[in-house]
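Let me give you the structure first, and then I'll get to my questions.
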Amino acid sequence: MIMNNIFNFKRFAAITTKETGEYFRSYGVSVISVLGIYLLFFLLFLLEGGSVSTLSRINLISLMTAIIMVVAPSKLYGTVNHSRKGLNYVLLPVSTLEKTLSMFFMTTVFTTFIMTAGLLILDTVVYLIMPLRLNEMLFTTKTMGILGIEIISLVVIQSWFVLGNMLFKNQKVAKTILSLLGLVIFIGLLFLLTFHTIGYEKVGLFFEEQFSDMALNIDGSKVRIFGIGGMREVVKDLPIFRKIMTIQYILWAVIVLGCWTGTYRLIKTRKY
Amino acid sequence: MIQINDLSFSYSRNKVFDSLTLSLEKGNVYGLLGQNGVGKTTLLKIMAGLLKSEQAACLVNGFHPYKRQPAFLEDIYYLPEEPAYPGGTVAEMGKNNGVFYPGFKMEKFYSLLDRFEVKPEKRFKDLSAGQQKKAHISYALSLNTGILLLDEPSNGLDIPSKALFRSIVAGHINDERIMVISTHQVRDLENLIDPVIILNNQRVLLHAAIQEITEKVCFVTKSDSDPDALYSEETPLGYAMVKANNQELDTKVNLEALFNAVLAHKEWFDEHFKRV
């Protein structure tokens with residue numbers, strides 16, 4: 001009975017099915033518009049006469065996916081904390097955990113999949129029509145790896161927007177961007193203060209020591225293979241880089257978990 | 001069953017309830033009456049789990065409403081005074097949301113919509129406010145929840161629809177269900193609500209069944225005013241009065257006059273009506 005009030009797969013499947021059914025009514029036009037904009041950008045690049053590099057295409061896909069991902073929470077769940085419009089959602093006989101997991105599925109998994117799949121299919125169609133104007137197909141292990149990392153970082157950013165969607169009652173995206181900027185400035189100031197306390201010279205010496213061997217250890221052949229876009233692939237075997245990456249991934253996981261736990265709490269305790 | 005024990009509730013410094021105690025049993029349609037700002041909607045929201053109360057202060061079917069557990073939510077429905085309309089058609093609202101309520105029947109939803117003359121294939125945004133209200137009432141009743149909380153349900157309905165609403169709600173009363181209807185427009189719900197709950201000044205002024213009310217007070221209209229009347233109001237037919245029923249008259253309850261009488265003679269009603 002207690003377990004049944006926390007999580008029930010049948011209920012979770014029912015709310016996810018309901019929200020998937022309502023997805024395109026709320027967000028379909030935006031998704032299609034962004035796909036259209038990508039195609040337009042592509043055509044404009046190609047009309048200029050040159051070819052479009054793989055990195056440019058990955059960056060463009062990441063940008064388009066980022067836009068759709070950060071706007072998704074407010075488009076799909078913007079009314080959840082509204083005193084009148086949010087009642088249908090909060091009173092639906094589904095547990096808070098099921099609602100939160102369904103929200104995660106719709107905003108993070110489904111939206112990201114729809115967007116990247118849509119953009120990659122468009123890209124492939126253009127490539128098949130004009131293979132000479134594009135360097136390569138994006139469906140390769142290497143490019144998918146780079147795109148995967150980009151998407152993971154977008155998931156981190158999106159989780160902040162999901163929390164912002166629950167915290168702010170109106171102008172949710174704008175206020176979340178401002179809060180993100182505020183946070184970045186605050187962390188920057190915190191670092192500056194720390195460096196100031198330790199002493200800038202000591203900090204400089206520390207980094208010099210850490211990176212002194214880096215140039216010697218870089219595998220030059222990898223630079224040639226991966227290009228600038230694959231810098232991560234080139235340096236990933238370096239111990240210092242691996243340490244930084246580990247810290248970064250732990251930090252990302254903490255941010256994502258923190259934001260989603262906050263969202264869960266806000267759904268559970270919101271008063272109407 | 002809804003059990004409210006010693007409930008206190010405030011909006012920042014504005015105290016709405018102070019030690020409110022109330023017990024609502026199955027098989028009744030409770031009329032929740034009171035002046036503006038007395039806390040009718042607040043009480044319904046506390047019962048529905050939309051506002052926080054202390055766990056011991058409010059129990060609905062044994063659940064603390066504010067926890068909003070699925071087993072609690074699937075047996076209660078709260079229809080606000082101005083419900084937000086969902087995207088899509090009326091039929092889609094039933095199809096998409098009804099699945100979460102074990103008692104929901106799509107055929108019943110369609111049949112109620114048909115009685116209210118609302119087309120299921122119409123999009124919500126294309127309906128008038130009154131038609132949207134009828135669609136919401138049809139949905140609320142077709143969910144077959146054990147507890148139904150209706151906040152000013154007759155607001156926005158035209159005159160024929162108000163009569164139809166009364167008839168439909170009367171057809172949905174059963175021994176397993178509690179309906180609580182909050183309203184200002186008591187005449188819209190006369191002959192439907194029993195018992196009556198009147199809220200005033202952070203507490204329950206009157207909580208009594210219609211039978212008890214008619215046993216203790218009578219509602220008469222006379223050409224001359226009576227100084228002993230608890231309430232008297234001049235009407236085209238004479239003076240409509242509420243008096244202590246010393247002569248054991250069997251009269252029909254005039255809810256509006258009763259409400260005014262209770263507000264004017266709080267002590268008398270406190271003394272003569274037992275608290276439920």
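Which numbered condition in (1) over 25 Å from B:A91 (Cβ atoms); (2) within 14 Å of chain B (Cβ to nearest Cβ); (3) at pLDDT below 95 is the only one that A:F24 fails?
That leaves (1) as the condition not met.
When you go through B:A71, B:A91, B:A84, B:A48 one by one, which is the residue that is away from chain A (no Cβ under 12 Å) and not basic (K, R)?
Exactly one residue qualifies, and that residue is B:A91.
In segment A:1-18, what count of residues is obtained for those that are closer than 14 Å to A:F110 by Cβ and facing another protein chain (nearest Cβ under 9 Å)?
3
Just to check your reading of the model, which residue among B:D188, B:D158, B:D151, B:D175 is outside the structural domain of B:N260 (by TED's automatic domain parsing), in contact with a helix residue (DSSP H, G or I) (Cβ under 8 Å, 6 or more places away or on another chain) and in contact (Cβ under 8 Å) with a residue 60 or more places away in the chain? Give the derivation first.
Values: B:D188 fails: in contact (Cβ under 8 Å) with a residue 60 or more places away in the chain; B:D158 fails: in contact (Cβ under 8 Å) with a residue 60 or more places away in the chain; B:D175 fails: in contact with a helix residue (DSSP H, G or I) (Cβ under 8 Å, 6 or more places away or on another chain).
Selected residue: B:D151, the only one of B:D188, B:D158, B:D151, B:D175 that is outside the structural domain of B:N260 (by TED's automatic domain parsing), in contact with a helix residue (DSSP H, G or I) (Cβ under 8 Å, 6 or more places away or on another chain) and in contact (Cβ under 8 Å) with a residue 60 or more places away in the chain.
Suppose we filter segment B:195-204 for residues that are in contact with a Gly (Cβ under 8 Å, 6 or more places away or on another chain) and at negative phi; how many remain? So that I can check it myself, show each step before the final result.
As a first pass, look at segment B:195-204 and keep what is in contact with a Gly (Cβ under 8 Å, 6 or more places away or on another chain): B:195-200, B:202.
Checking which are at negative phi leaves us with B:195-200.
Counting residues in segment B:195-204 that are in contact with a Gly (Cβ under 8 Å, 6 or more places away or on another chain) and at negative phi gives 6.
Just to be sure before I move on: is A:V94 over 22 Å from the mean Cα position of the chain (by Cα) and modelled with pLDDT under 90 in the structure I sent?
Judged against the criteria, A:V94 is not a match.
Given the conditions (1) in contact with a helix residue (DSSP H, G or I) (Cβ under 6 Å, 6 or more places away or on another chain); (2) at pLDDT 95 or above, which single one is not true for A:L167?
All conditions pass for A:L167, except number (1).
Where residues in segment A:91-107 are surrounded by fewer than 22 Cβ atoms within 10 Å (Cβ to Cβ) and closer than 10 Å to A:V162 by Cβ, which of them is nearest to the other protein chains (Cβ to nearest Cβ)?
A:T100
Applying the selection to segment B:113-138, what residues are touching a Pro at 6+ places or on another chain (Cβ under 9 Å) and aromatic (F, W, Y)?
Passing the criteria: only B:F124.
Pull up segment A:27-53, narrow it to residues that are within 20 Å of the chain's Cα centre (by Cα) and polar (S, T, N, Q), then point me to the one that is farthest from the other protein chains (Cβ to nearest Cβ). Full working, then the answer.
Taking segment A:27-53 as the starting set, the residues that turn out to be within 20 Å of the chain's Cα centre (by Cα) are A:27-28, A:30-35, A:37-38.
Narrowing further to those that are polar (S, T, N, Q): A:30, A:33.
Working: A:S30: 14, A:S33: 18 Å.
Of everything passing the filter in segment A:27-53, A:S33 is farthest from the other protein chains (Cβ to nearest Cβ).
On to the next question. List every residue pair whose Cβ atoms sit under 8 Å apart, with the two residues 6 or more apart in sequence or on different chains, where the first one lies in segment B:238-252 and is outside the structural domain of B:E215 (by TED's automatic domain parsing) and the second, anywhere, is small (G, A, S) and assigned to a strand (DSSP E or B).
none
Follow-up. Please give the helices (runs of 4 or more DSSP H) falling wholly within segment B:163-276 in which 3 or more residues are surrounded by 20 or more Cβ atoms within 10 Å (Cβ to Cβ). Write out each step before concluding.
Numbers: elements: B:210-216, B:255-264, B:266-272.
In segment B:163-276, B:255-264 are the helices (runs of 4 or more DSSP H) which contain 3 or more residues that are surrounded by 20 or more Cβ atoms within 10 Å (Cβ to Cβ).
Regarding segment A:242-262, can at least one residue be identified that is at pLDDT 80 or above, within 14 Å of another protein chain (Cβ to nearest Cβ), within 29 Å of B:L51 (Cα to Cα) and surrounded by 10 or more Cβ atoms within 10 Å (Cβ to Cβ)?
Going residue by residue through segment A:242-262, those that are at pLDDT 80 or above are A:242-262.
With the extra rule that they be within 14 Å of another protein chain (Cβ to nearest Cβ), the set shrinks to none.
Within segment A:242-262 (the criterion being at pLDDT 80 or above, within 14 Å of another protein chain (Cβ to nearest Cβ), within 29 Å of B:L51 (Cα to Cα) and surrounded by 10 or more Cβ atoms within 10 Å (Cβ to Cβ)), the answer is no, since none of the residues qualifies.
Quick check on this structure: which one of A:K85, A:K75 is of a type in the set (D, E, K, R), under 30 Å from B:L143 (Cβ atoms) and surrounded by 19 or more Cβ atoms within 10 Å (Cβ to Cβ)?
On the way: A:K85 fails: surrounded by 19 or more Cβ atoms within 10 Å (Cβ to Cβ).
That would be A:K75, the only listed residue that is of a type in the set (D, E, K, R), under 30 Å from B:L143 (Cβ atoms) and surrounded by 19 or more Cβ atoms within 10 Å (Cβ to Cβ).
Here's a follow-up. Check every one of the helices (runs of 4 or more DSSP H) wholly within segment A:54-116 and list those with 1 or more residues that are farther than 30 Å from A:M137 by Cα and free of Cβ contacts under 8 Å to residues at least 40 places away in the same chain.
Numbers: elements: A:54-77, A:87-90, A:96-104.
Correct list: A:87-90.
Yes or no, residue by residue, for (1) in contact with a strand residue (DSSP E or B) (Cβ under 7 Å, 6 or more places away or on another chain); (2) not charged (D, E, K, R):
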{"site": "B:N191", "(1), (2)": "no, yes"}
{"site": "B:I198", "(1), (2)": "yes, yes"}
{"site": "B:L205", "(1), (2)": "yes, yes"}
{"site": "B:A208", "(1), (2)": "yes, yes"}
{"site": "B:T214", "(1), (2)": "no, yes"}
{"site": "B:T221", "(1), (2)": "yes, yes"}
{"site": "B:Y239", "(1), (2)": "yes, yes"}
{"site": "B:N246", "(1), (2)": "no, yes"}
{"site": "B:D250", "(1), (2)": "no, no"}
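The values are calculated or read from the model by the stated rules, or taken from the named source; none is laboratory data. If you're wondering where the values come from, they're calculated on a predicted model, not measured in any experiment. Note that each Cβ is placed from the backbone with ideal geometry, even for glycine, and that neighbours are counted across all protein chains shown.
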